[in-house]
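Participant: I'd like to ask you about the structure that follows.
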Amino acid sequence: GANFGMMIISQASSIAQTMVNLSVSSATIVVSLIALSNSIGRASAGFISDKIGRINTLTIMLIVALGAMGLLFFCQEQNIIRFYISIVLIGLCFGSFMGVYPGFTADQFGSRNNSVNYGIMFIGFAIAGLTGPNIVAGIYSATNSYQPAFLVGGFLAISGLVLSVIYRLIVRNRKKEAVSLESK
């Protein structure tokens, strides 16, 4: 989630100028819009994850992000509304990951050392800060198009969905083992 978020956030202005032919000043609005939706995503996802669970919230956001990457992939100059919708959705999703992971970390490892544990978890976001922008810039440099980068972002979202399924299976198996041990 962090990788495809950083791919788009880091290049939002250039993507807007190139894909939908926005002026530089209009592209700055795109950057502001993605920042605003990022902030809204952080606050709302934290609240939502308290209600429906962390992994459920993350899974929903990965599905939304996959759809947003698809919208971006098929976006052309005449699709300015589709472009803005996809940018807002990506900002919301990226913010959601940032809003859910502190609670998710505490749920997994306990709250006693959450600041250290979350610091370790946050390394993933730091790595994404390096790799995401380089992925999209490298793809654009090689192909003179952002569309292949959106496919990579979609693949990353699918990878996250697969990992969420694996996580659910692990948790389910742990619960079965715990019940089995308690009944003995």
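The values are calculated or read from the model by the stated rules, or taken from the named source; none is laboratory data. Predicted, not measured: the structure shown is a model, and the values here were computed from it. Backbone-built Cβ (ideal geometry, glycine too); neighbour counts: all protein chains shown. Surface accessibility is based on the protein's heavy atoms, side chains included, excluding ligands, DNA and RNA. Shrake-Rupley method; radii C 1.70, N 1.55, O 1.52, S 1.80 Å.
Participant: Of the residues that make up segment 117-132, is at least one touching a residue at least 60 places away in the same chain (Cβ under 8 Å), open to solvent by 60 Å² or more (accessible area, probe 1.4 Å), among the aliphatic types (A, V, I, L, M) and closer than 19 Å to residue 64 by Cβ?
Facilitator: no
Participant: Scanning segment 39-87 for residues that are out of contact with any Cys (no Cβ under 9 Å at 6 or more places or on another chain) and among the charged types (D, E, K, R), which turns out surrounded by the most Cβ atoms within 10 Å (Cβ to Cβ)?
Facilitator: 54
Participant: Out of everything in segment 150-162 that is touching a residue at least 24 places away in the same chain (Cβ under 8 Å) and of a type outside the set (Gly, Ala, Ser), what residue ends up being most open to solvent (accessible area, probe 1.4 Å)?
Facilitator: Taking segment 150-162 first, the residues touching a residue at least 24 places away in the same chain (Cβ under 8 Å) are 150-154, 156-158, 160-161.
Keeping just the survivors that are of a type outside the set (Gly, Ala, Ser) gives 150-152, 156, 158, 161.
Values: 150: 3, 151: 102, 152: 48, 156: 46, 158: 79, 161: 36 Å².
Among those residues, the one meeting the criterion is 151.
Participant: Kindly indicate the residue of segment 13-38 that is surrounded by 15 or more Cβ atoms within 10 Å (Cβ to Cβ) and closer than 14 Å to residue 92 by Cβ and also farthest from the chain's Cα centre (by Cα) among those meeting that condition.
Facilitator: Ranking the qualifying residues of segment 13-38, first place goes to 33.
Participant: Looking at segment 33-66, which of its residues are of a type in the set (Gly, Ala, Ser) and either closer than 22 Å to residue 105 by Cβ or at pLDDT 95 or above (or both)? Spell out how you get there, then give the answer.
Facilitator: Of segment 33-66, the ones of a type in the set (Gly, Ala, Ser) are 35, 37, 39, 41, 43-46, 49, 53, 65.
Scanning segment 33-66 gives 37, 39, 41, 43, 44, 45, 46, 49, 53, 65.
Participant: Additional query: Determine which single condition residue 139 fails, assuming it passes every other condition in (1) closer than 30 Å to residue 47 by Cβ; (2) at pLDDT 95 or above.
Facilitator: Going through (1) closer than 30 Å to residue 47 by Cβ; (2) at pLDDT 95 or above one by one, residue 139 breaks only (1).
Participant: Assuming residue 147 fulfils every condition listed in (1) buried (at least 17 other Cβ atoms within 10 Å of the Cβ); (2) in contact with a Phe, Trp or Tyr (Cβ under 8 Å, 6 or more places away or on another chain) apart from one, which condition is it?
Facilitator: All conditions are met except number (1).
Participant: Continuing with the same structure: Can you tell me which residue is farthest from residue 55 (Cα to Cα) among those in segment 103-116 that are buried (at least 18 other Cβ atoms within 10 Å of the Cβ) and not small (Gly, Ala, Ser)? Full working, then the answer.
Facilitator: Looking only at segment 103-116, we keep the residues that are buried (at least 18 other Cβ atoms within 10 Å of the Cβ), and these are 103-105.
Narrowing the set further to residues that are not small (Gly, Ala, Ser) leaves 104-105.
Values: 104: 8, 105: 11 Å.
Filtering segment 103-116 for residues that are buried (at least 18 other Cβ atoms within 10 Å of the Cβ) and not small (Gly, Ala, Ser), the one farthest from residue 55 (Cα to Cα) comes out as 105.
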